[in-house]
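These notes are about the structure you will find just below.
Computed from the coordinates by the stated procedures, all read-outs in this text should not be read as laboratory data. Only a predicted model underlies this, so the values are computations on that prediction, with no experimental measurement involved. All Cβ positions, even for glycine, are placed from backbone atoms using ideal geometry, and neighbour counts span all protein chains on display.
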Amino acid sequence: MRHKDLIGATLLLALFVVGCGRAQPTMAGGKWAEVLRDPDIALRKKAAFTLGNIGPTDPAVLPALIGALKDPEAGVRREAILALVKCGPEAREAVPILEELHQRDRDAQVRDYAGRALEKLRAER
């Protein structure tokens, strides 16, 4: 078997075993959820963004993002809100906290983001 054929066969086998178009492995959400507890604000913001990209098919994503809505840093809360919107209708469980943020958060941008997120989530019913 030629080297090219061996590589092709390996790739086909990998697609067969792993699948094509599946969500990222479940472990990915758990790892990024842990990063939401890091003292580095930039890392927490990146974690929220990344969890939004992983999406709600990973069971660690929604609880982690909902928890991030209580982060002391407004930038992290904003990223968590945007990430929840990416999760679509599955993120409806965040509505009570988003309502609270929309009405009472000390940061005007967080209040605005929460209001827009509520509109979007309610429209997706």
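May I ask you to order 68-77, 48-57 by the average number of other C-beta atoms within 10 Å around their residues, highest value first?
Ranking, from highest mean packing down: 48-57, 68-77.
Treat every Asp and Glu Cβ in the range 58-125 as -1 and every Lys and Arg Cβ as +1, leave all other atoms uncharged, and give the resulting dipole magnitude about the Cα centre to the nearest 20 debye.
180
Quick check: from the Cα gyration tensor, does the range 36-125 come out rounded (a/c under 1.5), prolate or oblate?
Verdict is oblate for the range 36-125.
Please work out the C-alpha center-to-center distance from the range 62-125 to the range 31-49 and express it in whole Å.
16
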